[in-house]
């Protein structure tokens, strides 16, 4: 990577970290409570390597095959998160690589993950994707279905349900995402006692490049940032 590009990514990363810190402080939280998931979906490998060289240890991929491929090209200490849709026939290879799967969007998929995890002797960490906004174009559980399925969720022994994930509707105004993020936090509080003793719903994955400061203010523990990290590159990545 040419020096100017490396400096651009460094500057972008510093700006993102400062924004996370300021948003956390506004609500009495610490920046250490929030994990930056650097999304490399459209990023070139040299950009992904630059982020790693700058101390980013958590990378997010939307495509299962790209996650598997890239995990073999970067250091072993990287934590790989799958943030995009997971098909049931891709579960096995993803479980062998991913530290956290953000996108468990149906009971059938959770059952498959639980089954494969038992077969290969691991306990993967997963998040349940919730379609808080109710948009037809988005995958995920509805809030009502998730609450009514609490007993069934508690029965899964081979997958650790660590929290919830959502995506807010696209908008030029970050504030429009606040009710969605707030509802996910409320849902977390409603579901926690129902799963007490079986699963700890500590994580909230919400917020992307356009609205992550609002997400942090509303309690996000994981923010998924792509495009903002690559702004200003000569060959800008589209994440």
Exercise for the section: Restrict the check to the range 28-38 and report whether at least one residue is part of a helix (DSSP H, G or I) and within 28 Å of residue 232 (Cα to Cα). Expected result: yes
Practice task
State yes or no: is residue 219 at pLDDT 95 or above, in a loop (DSSP other than H, G, I, E, B) and within 13 Å of the chain's Cα centre (by Cα)?
Solution key: no
Completion exercise
Within the range 1-26, residues being at pLDDT below 95, in a helix (DSSP H, G or I) and surrounded by fewer than 12 Cβ atoms within 10 Å (Cβ to Cβ) number 2
Problem - Hits in the range 30-50 (condition: in contact with a helix residue (DSSP H, G or I) (Cβ under 6 Å, 6 or more places away or on another chain), closer than 21 Å to residue 219 by Cα and touching a residue at least 60 places away in the same chain (Cβ under 8 Å)) - result: 34, 38
Handout entry: Check on residue 233, in a loop (DSSP other than H, G, I, E, B), surrounded by 17 or more Cβ atoms within 10 Å (Cβ to Cβ) and either at pLDDT below 95 or more than 17 Å from the chain's Cα centre (by Cα) (or both)
Key = yes
Exercise for the section: Those residues that are surrounded by 11 or more Cβ atoms within 10 Å (Cβ to Cβ), in a loop (DSSP other than H, G, I, E, B) and out of contact with any strand residue (DSSP E or B) (no Cβ under 7 Å at 6 or more places or on another chain), I need them from the range 156-177; list them, please. Expected result: 156, 157, 158, 167, 168, 169, 170, 171
Exercise for the section: Identify, by number, the condition in (1) surrounded by 14 or more Cβ atoms within 10 Å (Cβ to Cβ); (2) within 20 Å of residue 160 (Cβ to Cβ) that residue 29 doesn't meet. Expected result: (2)
Exercise for the section: Could you grab me the full set of residues in the range 164-217 that are closer than 14 Å to residue 128 by Cα and touching a residue at least 60 places away in the same chain (Cβ under 8 Å)? Expected result: 165, 203, 205
Practice task
For residues that are buried (at least 20 other Cβ atoms within 10 Å of the Cβ) and within 15 Å of the chain's Cα centre (by Cα), scanning just the range 106-126, find the one that is nearest to residue 60 (Cα to Cα).
Solution key: 126
Exercise for the section: Of the numbered conditions (1) surrounded by 15 or more Cβ atoms within 10 Å (Cβ to Cβ); (2) without any contact (Cβ under 8 Å) to a residue 12 or more places away in the chain, residue 97 fails exactly one; give the number of that condition. Expected result: (2)
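The values are calculated or read from the model by the stated rules, or taken from the named source; none is laboratory data. Treat the numbers as computed from the prediction; the structure is a model and nothing was measured. Reconstructed Cβ throughout: ideal geometry from the backbone, glycine too, with neighbour counts over all protein chains shown.
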